[in-house]
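One structure is given below, encoded as structure tokens.
The values are calculated or read from the model by the stated rules, or taken from the named source; none is laboratory data. Quantities reported herein were computed from a predicted structural model and do not represent experimental measurements. With ideal geometry, Cβ positions are generated from the backbone for all residues, glycine too; neighbour counts draw on all protein chains shown. When the accessible area is computed, the model is the full protein with side chains, heavy atoms only, and any ligands, DNA or RNA have been set aside. Shrake-Rupley method; radii C 1.70, N 1.55, O 1.52, S 1.80 Å.
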Amino acid sequence: METLTKSLSIVFWHMFTIFLFINALTLIYVAYNPEFAVAAYPVVGNNLMGSLLFVFLGLGKHRVLLRMPGAFLYGDHRSASWVGNMKELKSLYLTKNF
């Protein structure tokens, strides 16, 4: 690989790792503080967009992406985040209204 390609790969790999770490911290915070459940929506949206990116690029010129687990992992993470967030919002709503 060219030096520039290697450098960009390293940068984006670390950016993605930081992205996942911040997502995890956000979801942990929301789990312990359900009144901030709305903070999980950007996590859900980011993972939905990541999943769609893998699928759309895979259906285009980058077929190799369809054989990689990225779309499924993003989708699973989005689904788990959404379900957990809905549960937190529902329990918070029921607690405050009764």
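Using a probe radius of 1.4 angstrom, the carbon and sulfur fraction of the accessible surface of the range 1-96 is 74%. Dipole check for the range 1-96: with +1 at the C-beta of Lys and Arg, -1 at the C-beta of Asp and Glu, and the Cα centre as origin, the magnitude is about 240 Debye.
Each of Ala24 and Leu57 was given a label point 7 Å from its Cα along the Cα-to-Cβ line. The distance between the two points is 2.2 nm. The mean of 1/r over all pairs of different alpha-carbon atoms in the range 1-96, once inverted, gives a Kirkwood hydrodynamic radius of 15.0 Å.
For Glu2, the solvent-accessible surface computed with a 1.4 Å probe is close to 130 Å², ligands and nucleic acids excluded. Note on Phe56: accessible area approximately 140 square angstrom, rounded to 10, probe 1.4 Å, nucleic acids and ligands left out. Within the assembled protein chains, the solvent-accessible surface assigned to Ile10 is about 100 Å², based on a 1.4 Å probe.
The residues neighbouring Leu53, those whose beta-carbon lies less than 15 Å from its own, together hold a net charge of +3 under the Lys/Arg +1, Asp/Glu -1 convention.
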